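*Asks:* A single structure is presented below for examination.
The values are calculated or read from the model by the stated rules, or taken from the named source; none is laboratory data. Just so it is clear, the structure is predicted and the values come from calculations on it, not from any experiment. Methodologically, a virtual Cβ is constructed for each residue, glycine included, from the backbone with ideal geometry; neighbour enumeration extends over all protein chains shown. These accessible areas exclude ligands, DNA and RNA; they are computed on the full protein's heavy atoms, side chains included. Shrake-Rupley method; radii C 1.70, N 1.55, O 1.52, S 1.80 Å.
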Amino acid sequence: MRLPKPHHPLIGIVDVSGLKNDSAINAVLFDLYVISLKRGCDKLHYGQQRYDFDEGLMAFMSPGQILRGEENGVPANLEGWMLFIHPDFLWNTPLARKIKQYEYFGYSTNEALFLSDKEETIINGIVENIKNEYYANIDKFSQDIIISYLETLLNYAERFYQRQFITRKIANHHILDRLEKLLSDYFNNDDLVTKGLPTVQYIAQQLNISPNYLRSLLNMLTGQSTQQHIHDKLIEKAKEKLSTTDLSVSEIAYGLGFEHPQSFSKLFKTKTNVSPLRFRQSFNQVI
């Protein structure tokens with residue numbers, strides 16, 4: 001890919017300002033962890049909406065994901081770095097297990113981390129420490145020191161992502177509004193018997209964000225997972241049918257996309273502490 005050769009057999013750091021236009025990456029499947037920070041790239045888009053932030057952008061990729069280059073080649077004013085880490089570098093260290101817990105490695109490119117100047121200074125300071133070890137002669141301490149810096153970098157990224165969920169309230173609440181409408185429309189559809197219950201993957205796809213990002217966002221803003229939101233909307237619809245129709249519990253279960261009425265009854269009782277029949281009886285008594 002015409003990138004400079006690494007100074008270490010299992011990790012590499014590339015200064016993106018040194019990339020030439022013809023060294024742009026079209027689409028490459030890496031067996032590496034890739035962490036990047038870039039300035040000067042074109043504005044990213046979220047669906048039809050432009051991102052409203054022009055500061056540093058961090059992105060994280062795990063092995064097996066596809067890395068795509070800049071659409072129009074490398075911008076002339078591009079700055080930043082890319083850090084490549086082979087999984088073997090983490091072998092037999094606590095970070096080898098912990099790195100799988102950082103959900104942002106499963107986010108999409110358009111769910112990048114937006115850094116303030118202060119945050120970017122912190123991240124770049126950590127990477128400078130990694131560079132010092134990277135360009136030094138390898139000894140028995142090199143791996144432990146670099147991994148220590150890596151873990152610090154990843155923990156800061158986790159903190160900054162949590163901050164981003166809070167500070168980007170307008171965009172995030174827009175996602176919540178769309179989620180609410182999407183679930184309402186789905187459960188108001190008469191074709192649920194054929195379609196079945198919505199999956200987390202389906203919901204995320206309709207919202208144009210990755211399942212991991214949606215889960216993290218919802219957990220931060222509402223304390224609930226995507227699956228819990230789906231179940232809450234389902235129970236809301238079930239209560240409506242139990243209280244306003246004469247349909248049997250089995251008919252309601254099938255109508256809501258359940259293959260087995262027992263599964264519906266179990267979920268309903270778990271969420272409400274009463275069975276569907278008991279809910280119907282108590283509701284009628286109140287009326």
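*Asks:* Which whole-Hz ³J(HN,Hα) couplings does region 192-207 yield from phi under the Karplus relation 6.51 cos²θ - 1.76 cosθ + 1.60, θ = phi - 60°, glycine and proline marked x?
*Replies:* Ordered by residue, 3J(HN,Hα) equals 5, 4, 7, 6, x, 6, x, 8, 4, 4, 5, 4, 4, 5, 5, 8 Hz.
*Asks:* Please tell me the relative contact order of region 161-287 in percent, rounded to the nearest whole number, where contacts are Cα pairs under 8 Å and at least six residues apart. Each step should come with its number before you reach the end.
*Replies:* On the way: 94 pairs, mean separation 30.1, N = 127.
Relative contact order here is 24 percent.
*Asks:* Still on this structure, please answer the following. Mind scanning K5/K140; K195/K271; K118/K233; K98/K239 and naming the pairs with a C-alpha gap bigger than 30 Å? Mind dumping the intermediate values first?
*Replies:* Values: K5/K140 22 Å; K195/K271 23 Å; K118/K233 41 Å; K98/K239 42 Å.
Correct reply: K118/K233; K98/K239.
*Asks:* How far apart, in nanometres, would the label points at H7 and E128 be if each is projected 7 angstrom from Cα along the Cα-to-Cβ direction?
*Replies:* Taking the two extended label points, one gets 1.5 nm.
*Asks:* Per the 1.4 Å probe, what fraction of the accessible area of the chain, in percent, lies on carbon and sulfur atoms?
*Replies:* Numbers: 7950 of 16150 Å².
The nonpolar share, carbon plus sulfur, comes to 49 percent.
*Asks:* If you don't mind, another one. What FRET efficiency, computed as 1/(1 + (r/R0)^6) with R0 = 30 Å and r the Cβ-Cβ distance, is obtained for T272 and A171, rounded to the nearest 0.05? All intermediate terms of the calculation are to be shown ahead of the outcome.
*Replies:* Working: r = 33 Å, r/R0 = 1.10.
The calculated FRET efficiency here is 0.35.
*Asks:* Want the number for E79 to S282: 0.36 nm per residue separation, take away the alpha-carbon distance, what's left? Please report the intermediate quantities before stating the final value.
*Replies:* On the way: separation 203, 0.36 × 203 = 73.08 nm, distance 6.47 nm.
Between E79 and S282, full extension yields 66.6 nm more.
*Asks:* Accessible area per residue for region 169-249 in Å², computed with a 1.4 Å probe and the full protein assembly in place, what is it? List each step's numbers first, then the result.
*Replies:* Numbers: 4210 Å² over 81 residues.
I get 52 Å² per residue for this part.
*Asks:* Pull out a ≥ b ≥ c, the square roots of the eigenvalues of the alpha-carbon gyration tensor of region 88-201, then state rounded if a/c is under 1.5, prolate if not and a/b is larger than b/c, and oblate in the remaining case.
*Replies:* On the way: a/c = 4.75, a/b = 2.11, b/c = 2.25.
Here region 88-201 falls in the oblate category.
*Asks:* Given that compact globular proteins tend to follow 2.2 N^0.38 Å, what is the ratio of the alpha-carbon Rg of the chain to that value? Show your work: numbers first, answer last.
*Replies:* Details: Rg = 24.1 Å, N = 287, 2.2 N^0.38 = 18.9 Å.
Taking the Cα Rg and dividing by 2.2 N^0.38 Å, one obtains 1.27.
*Asks:* Mean-square fluctuation check for the chain, GNM, Cα pairs under 10 Å: which of L37, L242, L217 is largest?
*Replies:* So, out of L37, L242, L217, the one fluctuating most is L242.
*Asks:* Convert each backbone phi in region 264-269 into a coupling constant with the Karplus relation 6.51 cos²θ - 1.76 cosθ + 1.60 (shift: θ = phi - 60°), then list the ³J(HN,Hα) values in order as whole Hz, x for Gly and Pro.
*Replies:* Ordered by residue, 3J(HN,Hα) equals 5, 4, 5, 5, 4, 5 Hz.
*Asks:* Then there's this: I need the peptides 89-98, 124-133 ranked by packing, meaning the mean over residues of other C-beta atoms within 10 angstrom, with the highest value on top. Write out the running numbers ahead of the final one.
*Replies:* Numbers: 89-98: 13.8, 124-133: 16.6.
Put in order of decreasing packing, that is 124-133, 89-98.
*Asks:* Further question on the same structure: Can you figure out the FRET efficiency of E236 with R97, using R₀ = 51 Å and their beta-carbon distance, to the nearest 0.05?
*Replies:* Values: r = 39 Å, r/R0 = 0.76.
Calculated transfer efficiency: 0.85.
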